[in-house]
1. Say the dipole of region 2-98 comes from +1 at the beta carbon of Lys and Arg and -1 at that of Asp and Glu; which of T55, T38, L27 then lies farthest toward its positive end?
2. Can you list the HN-Hα couplings for region 37-43, worked out from phi with the Karplus curve (6.51, -1.76, 1.60; θ = phi - 60°), rounded to whole Hz and with x for Gly and Pro?
3. Tell me the Rg and the Dmax, in Å, that the Cα atoms of region 92-150 produce.
4. Mind checking region 36-145 for GluC sites (Glu not before Pro) that DSSP puts in a loop (not H, G, I, E or B) and that have at most 10 other Cβ atoms within 10 Å?
5. Just subtract the alpha-carbon distance of E65 and S89 from 0.36 nm times their residue separation and send over the number in nm, one decimal.
6. Pick from K85, K156, K23 the residue whose mean-square fluctuation is largest in a GNM of the chain, springs joining Cα atoms under 10 Å.
7. Calculate the dipole size of region 2-98 relative to its Cα centre from +1 charges on Lys and Arg beta carbons and -1 charges on Asp and Glu beta carbons; express the result in debye to the nearest 20.
8. For K85, give me every one of the lysines with a C-alpha distance below 22 angstrom, ignoring sequence neighbours fewer than eight places off in its own chain.
Amino acid sequence: MFISHKSNVIQSYHETEWQCRRKVKGLTKSEYWTWVATITDADGEVDYSGETGYTIVECVDEEVEARLVQLGDYIGYSPIVYNIKWSDSKVDGSHFTGDDTAKDARLLSEEWTQIRRERDRLLTETDWMTFADSPALSDNWKTYRQTLRDLPNAQKAKTTYVSITWPTKPS
């Protein structure tokens, strides 16, 4: 199994080196082969020496997919993010270890993405009230909308969507 990593943080993995390289570069198959043609010499030798930003290693002494399943809590999706570190030598029987700091930061970011999405949805529901041809916006609605806009700063210490105190819509 081939692993690509940047500063020892897993970026991608695949059974074949070229697919691992293609995945880490974010290329389609046709884009990959077009790129390979640009770094292939007249003798058909491919020169990867100009690549920067990641390293590809082959892991032959550990069941990679099984280990990544064990570290499933350290993988985020959409897009795939691995909060998993690679070590050339095994630590506690594995080349892979979960990065708790990176995982916690990713989870917090995902929570705040969901919070902002809901905040934006609630603001959008009332945008029509601010149009020039709408009835005058009451102070209660102005306060409600301002509270929604201020929510990320006012509640930045909150770490989960369920812990947010949402303002009540005026009647």
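1. Going by the Cα projections, it comes out as L27.
2. 4, 6, 10, 9, 8, 4, 8
3. 20.1, 69
4. In loop regions of region 36-145 (DSSP not H, G, I, E or B), the sparsely surrounded GluC sites (Glu not before Pro) are E45.
5. Length difference between fully extended and current span is 6.9 nm.
6. Highest fluctuation among the options: K156.
7. Magnitude of the dipole: close to 480 debye.
8. Here the lysines satisfying the reach criterion relative to K85 are K6, K23, K25, K103.
Since every read-out is calculated from the coordinates, none of them should be taken as a lab result. These numbers were taken from a predicted model, which means no experiment stands behind them. Cβ atoms come from the backbone with ideal geometry, glycine included; neighbour counts cover every protein chain shown.
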